[in-house]
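Inspection log for the structure reproduced underneath, given as structure tokens.
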Amino acid sequence: MESIRSLLGKKVELKISGYKVPVIGELVDLGSDILVLFSETRYIYVPIHHVQQLKLSQDGDDASPGDMEPLVDHNHISYRKMLMNSRGIFTEIGLGGHDPLYGYLTSIMNDYFIFFSPLYHSVYIPLHHVKYLCPLPPSMTPFSLNQHLLQVQQPAVPLSRTLDQQLEKFQNELVIFDLGESPLKAGLLKKVNNRMIELVEAGGTTILLHSDHIKSIHLP
């Protein structure tokens, strides 16, 4: 960690797993398992286990936050504490490989959290698959929806402590994994056993998936 700490206050180039284009900005804070980058006009929070490469940037443009205060508390910051402090704040979440999710973090469980998206409603996201989080200003809302029309909803299904237990509650339900990025990741969740998921896709073919490789779950 000392090698990362030596870059605090400096402009860096950060490559995050799941993304081809690096993020450039000032490294402004560092916790036990998360780092904070100020890039352009926002703070970006990256779990350290998704840092593929970090180096001093050769870009000469200024990326200092100046007087722009972060939206979440950085005191003794950690990944879980950052999640807790982000509840109720309009947030962008990157899961890698596709467009980010926009919405509100509502509940945090042992190894996953629930994120309310106006497009997907309740999305169940494993903690270890989040590539970055970016809390957005209070003046912003998803898709510029009027605040009084935007109602954050809690999941209809009772929450379990772990994601595998939650998946078991979805047996015999239609589910969509990874925001539907693949047609083979949507269908009837037939069975969950020892972290293996038995999914029946639209054509009737049974597909086996391991829960460790599921980045998100939501019900249509």
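The values are calculated or read from the model by the stated rules, or taken from the named source; none is laboratory data. All values derive from a computational prediction rather than experimental measurement. Don't worry about glycine lacking a Cβ; one is built from the backbone with ideal geometry, like all the others, and counts go over all protein chains shown. The area values use the complete protein model at the heavy-atom level, side chains included, leaving out ligands, DNA and RNA. Shrake-Rupley method; radii C 1.70, N 1.55, O 1.52, S 1.80 Å.
For this structure, a couple of remarks:
- For semi-axes √(5λ) of the Cα gyration tensor in Å, calculated from these coordinates, the label among [x] 33, 20, 16; [y] 43, 19, 16; [z] 57, 14, 11: [x]
- Label point distance in nm, residue 2-residue 190, each placed 7 Å from Cα along Cα→Cβ: 5.6 nm
- In order through segment 73-88: 3J(HN,Hα) via Karplus (6.51 cos²θ - 1.76 cosθ + 1.60), integer Hz, x for Gly, Pro: 6, 9, 5, 6, 5, 8, 4, 5, 5, 5, 4, 4, 6, 8, 4, x
- FRET efficiency, residue 161 to residue 41 (Cβ-Cβ, R0 41 Å, nearest 0.05): 0.65
- Counting only protein heavy atoms and a 1.4 Å probe, the chain has 51 square angstrom of accessible area per residue.
- Assigned charges on the beta-carbon of Lys, Arg, Asp, Glu; segment 122-220 dipole about Cα centre (debye): 140 debye
- Surface share of carbon and sulfur [accessible, 1.4 angstrom probe, percent] for the chain: 51 percent
- Cα gyration tensor category, rounded, prolate or oblate, for segment 92-148 with a/c compared to 1.5: prolate
- Cross-link table 20/81; 20/169; 11/131, entries beyond 31 Å C-alpha to C-alpha: 20/169
- Shape category assigned to segment 17-135 from the gyration tensor of Cα positions, a/c cut at 1.5: prolate
- Peptides 95-101, 126-132, 53-59, 163-169 ranked from most to least packed, by the mean per-residue count of other Cβ atoms within 10 Å: 126-132, 163-169, 95-101, 53-59.
- Calculated mean residue ellipticity, 222 nm, the chain: -2000 deg cm²/dmol, from DSSP H runs (n ≥ 4) at -39500 (n - 2.57) each, averaged per residue and rounded to 500.
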